[in-house]
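Here the structure comes first, spelled out in C-alpha cells, and everything after it is commentary.
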Ligand code: 5GP
C-alpha cells in the first residue's frame, strides 16, 4: 500500500493550515462539512491519527471513530430533517477514494431524493457556513 502522505488535504485541515467548516472536535476526531456535498448537510468525520484509510488504520482509531460517527449521524438527521442517513467510506482509488486520510461520510437522505454525485459540484461557502451552524446547534441540543 502507498505510504501515508502528511501533506494530504485533510492533514492540512486537521493542522488548521487550510480552512474548513468544523462542527465537532474531541481528543481523537474532528468533523467538518464536505465542500462537494452529495446532499445539504454532508459531513465528514475524520480521526486525528494518520492513516490512508480503513485498511491501514489502527483498530483503536476505528474504535474511537464509530461513536463519533453515530453522534454526528444523529445530529445530521435532526439538523437536516432527514428520513435516513448514508454512512460510507472508500478505500483506495479503485473504490473511489480521492483524499488519502481516513474519513467517514455522513450524508442525510430524504425519501425519493437521489444523492448528488460523489465529488461533484463545489458548494458556496455561505451555504456550507449556514449548514455548519445548523449542525452545531443540533449537536448542542
Ligand atoms: P473520498 O473520495 O476520499 O471518500 O472523499 C473525499 C471527500 O472530501 C469528497 O466528498 C470531497 O468532496 C471532499 N473534499 C475534497 N477536498 C476537500 C476540502 O478541501 N475540504 C473539505 N471540507 N472537503 C473536501
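Laboratory data are not the source of any read-out in this text; all were calculated from the coordinates shown. Given the structure is predicted, the values throughout are model-derived calculations rather than measurements. Every residue, glycine as well, gets a Cβ built from its backbone with ideal geometry; the counts of neighbours run over all protein chains shown.
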TODO: May I ask you to sort 140, 77 by Cβ crowding, counting other Cβ atoms within 10 Å and putting the fewest first?
DONE: 140, 77
Task: GNM top mover of 75, 117, 64 - the chain, alpha-carbon springs below 10 Å - done: 117
- [ ] Quick one: compute the contact order of region 9-140, relative version, from alpha carbon pairs under 8 angstrom and 6+ residues apart, as a percent.
- [x] 32 percent
Task: Simple spin-label estimate for residue 117 and residue 56 in nanometres, 7 Å along Cα-Cβ - done: 2.9 nm
Open item on the list: Run lengths n ≥ 4 of DSSP H only: what is the helix-derived mean residue ellipticity at 222 nm for the chain, with -39500 (n - 2.57) per run over all residues, to the nearest 500?
Closed with: -10000 deg cm²/dmol
Open item on the list: Helix 125-140 against the longest principal axis of the chain: what's the angle in degrees, Cα atoms only, rounded to the nearest 10?
Closed with: 90 degrees
Open item on the list: Order these by the 10 Å Cβ neighbour count, fewest first: 10, 32.
Closed with: 10, 32
TODO: Calculate, in whole percent, how much of the Cα-Cα pair population of the chain lies beyond 17 Å.
DONE: 58 percent
Open item on the list: Give the separation of the Cα centroids, region 84-108 to region 1-54, in Å.
Closed with: 11 Å
TODO: Rank the residues 123, 17 as a footprinting-exposure proxy: fewest other Cβ atoms within 10 Å of their Cβ go first.
DONE: 17, 123
